[in-house]
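One structure is given below, encoded as structure tokens.
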Amino acid sequence: MCEETLACIVAGNVRLKAARVGVSQADLAQILGMSRSAVSLRYTGKVAWRVDELERVAWYLNFPVTDLLEKPKKARRIRVF
């Protein structure tokens, strides 16, 4: 399991942002010029994303690359009365 390292935070952010816009691991593999299994290793945090890969992913997903480096904020529950 991935710990709270920067590599794991980045991996989680890439997974989340790709899912939100409907981009698959295969899609990312194609734009990065690597195999889907190589992207899978990065998704799980077993292999760290390189800076040039993150730049390309951010461009493809249309997000600032800095969004991929930020620790996600905890979701707050809203009580409805």
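Laid out as a table, the results:
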item	result
Approximate spin-label separation Cys2-Asp52, in nm, with each point projected 7 Å along Cα-to-Cβ	2.3
Neighbourhood charge, 14 Å Cβ-Cβ cut-off, centred on Val65 and excluding it, Lys, Arg +1 and Asp, Glu -1	-2
Local electrostatic count, Val10, Cβ distance below 11 Å [Lys/Arg +1, Asp/Glu -1]	+2
Mean Cα-pair separation over length for the chain, i.e. relative contact order, pairs under 8 Å, 6 or more apart, %	38
Neighbourhood net charge (15 Å Cβ-Cβ; Lys/Arg +1, Asp/Glu -1) for Gly45	+2
Over the chain: helical MRE at 222 nm, DSSP H runs n ≥ 4 each giving -39500 (n - 2.57), nearest 500	-15500 deg cm²/dmol
Rounded tilt (10° steps) of 6-20 against the dominant C-alpha axis of the chain	80
GluC sites (Glu not before Pro) within the stretch 32-78, DSSP loop, no more than 13 other Cβ atoms inside 10 Å	Glu70
Reported label for calculated Rg and Dmax of the Cα atoms in Å given [x] 14.1, 46; [y] 13.6, 51; [z] 11.9, 35	[y]
Highest-MSF residue in the chain out of Val51, Val65, Val39 [GNM, Cα springs under 10 Å]	Val51
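We did not get these values from a lab; they are worked out from the coordinates using the rules stated. As the structure is a prediction and not an experimental result, all values here were calculated from the model. Note: ideal-geometry Cβ built from the backbone for every residue, glycine included; neighbour counts use all protein chains shown.
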